[in-house]
Amino acid sequence: MWLERINSPNDLKSLSVGELKNLAEEIRGVIINTVENNGGHLASNLGTVELTLALHYVFDTPKDKIIWDVGHQAYTHKLVTGRAKDFHTLRQYGGISGYIAPWESEYDHFAVGHAGTSLSAALGFAKARDIKGEEYKVVAVIGDGALTSGMAWEALNQIGFLNTDLIVILNDNEHSISPNVGALAVYLAKLRKHPLYRFFKQTTQNFLKKLPLGKTLLSLDLKLERSLKSLLLENPIFEDLGFKYFGPFDGHDIPLLVFVFKGIKDNLSCPVLIHVTTKKGIGHKDAEAIPSKFHSVGSKKEREKKVPTYTEIFGKTLVELGERYEKIVAITAAMPDGTGLSYFAERFPERFFDVGIAEQHAVTFAAGLAMNGLKPVVAIYSTFLQRSFDQIIHDVCLQKLPVVFVLDRAGLVSDDGPTHQGIFDLSYLRLIPNIVVSSPKDESELRDLLYTAINYPGPFAIRYPKGKGYGVKLPSNPNKIEIGKAEILEEGEDVLFLAIGSMVYTALEAHNILKEKGIYAKVVNLRFLKPLDIPLLEELFSKFKYIFTLEENIITGGLFGAISEFVSKFHFNVNVYPIALPEKFIEHGNVEILKEIYGLKEYHVVKEVLRVLNKTRVEG
């Protein structure tokens with residue numbers, strides 16, 4: 001077993017290049033077995049095995065800094081930086097993170113889970129090095145999907161302008177989560193696929209690999225490439241931005257990668273972009289064939305469930321509504337499969353837009369569509385919609401435009417950790433004027449809220465959790481819900497439960513347990529955080545003294561905040577007790593385990609009710 005011999009990147013350097021190939025195959029097997037058991041990012045990690053080994057083989061890490069983008073391509077990095085023995089705990093509570101985590105290893109330099117950050121962070125490392133008079137290399141690894149991010153281009157602009165000693169590895173696999181789209185994807189395809197250029201790369205690379213690389217040969221190779229690219233491509237973008245561009249190179253050819261990296265490391269101290277091509281999912285037959293399906297794989301337990309997911313229900317319902325309303329258009333940011341919009345894209349390709357990893361652009365693009373009479377539905381994960389916060393405020397809500405925001409993965413998200421927990425959206429959306437903020441209790445209510453949103457003349461947000469629904473019966477046609485109207489699900493006179501979204505069924509379960517103890521809780525499904533059902537709340541607050549808010553969101557600014565503000569503003573003589581997540585970044589772990597830890601299970605609600613009532617009885 002080769003991997004057993006690798007406790008740090010220094011151990012790699014004792015292997016021959018041929019032995020690195022054997023190690024690569026072993027690592028692929030470990031990744032496949034672990035991800036199929038635990039869940040995780042499969043296709044993207046299989047594509048970067050050789051690239052990662054070559055980087056650690058050539059560069060002196062952790063002194064030299066490798067700054068990863070997104071982080072779901074770094075499993076090999078974890079395996080060769082001292083975490084192989086714990087890799088079986090990947091994404092499990094208390095185990096190693098599925099992303100780059102500086103608190104986990106000295107080889108992880110910058111925490112990351114959102115795309116497009118590596119170039120800006122790497123430039124920060126490089127300039128800090130220069131200002132402090134230190135000497136080491138900084139390497140940023142970014143995928144072609146992440147390069148669609150506007151932030152990445154802002155960084156490229158400054159890196160070239162500052163002429164900073166920084167190496168950028170462009171990992172080009174033609175995918176982000178789904179196949180890449182846009183003019184940049186077309187441009188990179190020209191570089192990859194032009195037959196004369198491919199012939200040039202093959203012949204010159206084979207020649208140069210046989211010789212020791214020196215400045216003269218490196219310069220010759222660069223001049224030959226520039227001359228040929230000038231003939232083939234009218235505007236070599238990266239060189240115009242101030243980079244010395246090399247590639248494309250086969251990202252699975254370890255001897256070639258070692259040769260290129262070593263030559264550039266030893267001979268250049270300026271902005272360099274090395275373009276490597278990799279195959280997402282390589283080494284796994286199904287992942288190679290359908291990399292988007294195997295980008296992220298659920299655990300065995302998750303895959304066994306047969307109930308449709310919220311994502312599927314949303315996607316299919318939007319197709320139904322798209323048949324009825326020709327003005328509906330759908331927008332996502334590089335995740336048509338993950339958001340369920342692939343159904344709409346297949347049925348209405350002319351009304352579907354994947355903008356790439358460009359959430360800010362997605363929202364303002366939607367605003368333009370809405371201003372011109374269409375009904376945009378913007379489907380983006382809760383954690384990623386944060387990136388377009390200003391656009392939601394300035395470009396949509398200020399102008400009261402009828403854009404529907406659909407936030408998948410709201411609340412706790414299994415195993416992905418603090419960068420992906422969708423626990424802030426109730427807070428960051430509630431503070432914005434003119435927007436309706438809602439959350440369904442189940443998949444049937446999701447259909448109703450989507451139908452309501454399509455028929456609403458202003459900004460409207462719907463947030464729901466990742467994963468399976470409750471298996472409730474779905475009416476053939478969705479119904480319109482009165483904006484801001486809550487529903488009473490259970491009667492009671494002792495305590496009041498105000499719940500929203502995923503916590504409604506938790507409130508119902510707690511109600512049943514309390515009922516057996518002779519305590520009767522009234523259960524209200526608010527459905528809308530904004531606007532609140534003011535008439536109902538006024539009526540209830542005149543009858544109940546003990547009010548419990550239940551939400552899968554941080555305690556600050558969400559449902560508890562809204563109810564507390566309402567109570568304070570109108571001077572109600574009631575006590576409000578929150579069942580919510582603490583104001584902190586939540587670690588990775590199975591959702592049910594995290595709910596146990598942070599007090600979101602039904603028995604926690606029961607315990608809190610008993611605590612409050614017993615305390616008041618004693619005091620009374």
task: Could you pull out every residue, at least 5 positions away or on a different chain, whose amide H is within less than 5 Å of the one on Ile328? Hs are placed 1.01 Å off N in the peptide plane, and Pro or chain starts have none.
output: Lys375
task: Could you work out the mean projected area of the convex hull around the alpha carbons of region 105-170, in square nanometres to one decimal?
output: 4.6
task: Let me know the volume per residue of the alpha-carbon convex hull for the chain, in Å³.
output: 172
Where only alpha carbons of region 449-542 are counted, the Rg and the Dmax (Å): 14.8, 46
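Given 4 °C and 1.567 mPa s, compute D for region 502-614 with the Stokes-Einstein relation, Rh being the Kirkwood radius over Cα pairs; round to the nearest whole µm²/s.
The estimated diffusion coefficient comes to 87 µm²/s.
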- line: In this structure, among Lys316/Lys375; Lys441/Lys601; Lys441/Lys517; Lys327/Lys466; Lys316/Lys601; Lys522/Lys545, pairs with alpha-carbon gaps over 19 Å are Lys441/Lys517; Lys327/Lys466; Lys316/Lys601
query: Which three extents, in whole angstrom, do the alpha-carbon atoms of region 501-562 cover along their principal axes, largest first?
result: 33, 26, 17
query: How far, in nm, would the chain grow between Glu596 and Tyr520 when pulled straight, counting 0.36 nm per residue and subtracting the alpha carbon separation?
result: 25.0 nm
message: Given Cα positions, please report Rg to Rh for region 411-493, the hydrodynamic radius being the Kirkwood one.
response: 0.99
field: Net lengthening on full extension, Ser476/Lys306 (0.36 nm per residue, minus Cα-Cα)
entry: 59.2 nm
field: Sorted largest first, extent of region 25-130 alpha carbons per principal axis (Å)
entry: 44, 28, 22
- prompt: Residues with amide H under 5 Å of Ala461's amide H, sequence separation 5 or more or different chain, H placed in the peptide plane at 1.01 Å from N; which?
  reply: Phe405, Val436, Val437, Ser438
message: Around Lys63, under 14 Å between beta carbons, what's the net of Lys plus Arg minus Asp minus Glu among the other residues?
response: +1
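If I take R0 = 35 Å and measure r between the Cβ atoms of Lys63 and Glu583 in this structure, what FRET efficiency does the formula 1/(1 + (r/R0)^6) give, to the nearest 0.05? The partial results should precede the final answer.
Values: r = 37 Å, r/R0 = 1.05.
Once rounded, the FRET efficiency stands at 0.45.
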task: Hand me the GluC sites (Glu not before Pro) from region 307-337 located in a DSSP loop with no more than 13 other Cβ atoms within 10 Å, in residue order please.
output: Glu326
- request: Show the residues, 5+ positions off or on another chain, whose built amide H is closer than 5 Å to the amide H of Cys270.
  value: Leu166
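Quote to one decimal, in nm, the extra length available between Val186 and Glu491 on full extension: 0.36 nm per residue of separation minus the C-alpha distance between them.
Working: separation 305, 0.36 × 305 = 109.80 nm, distance 5.99 nm.
Extra length from Val186 to Glu491 when fully extended: 103.8 nm.
Throughout, read-outs are computed from the coordinates displayed, never taken from laboratory work. The shown structure was predicted, so the numbers you read here are calculated from the model rather than taken from an experiment. Neighbour counts run over all protein chains shown; Cβ positions are idealised from the backbone, glycine included.
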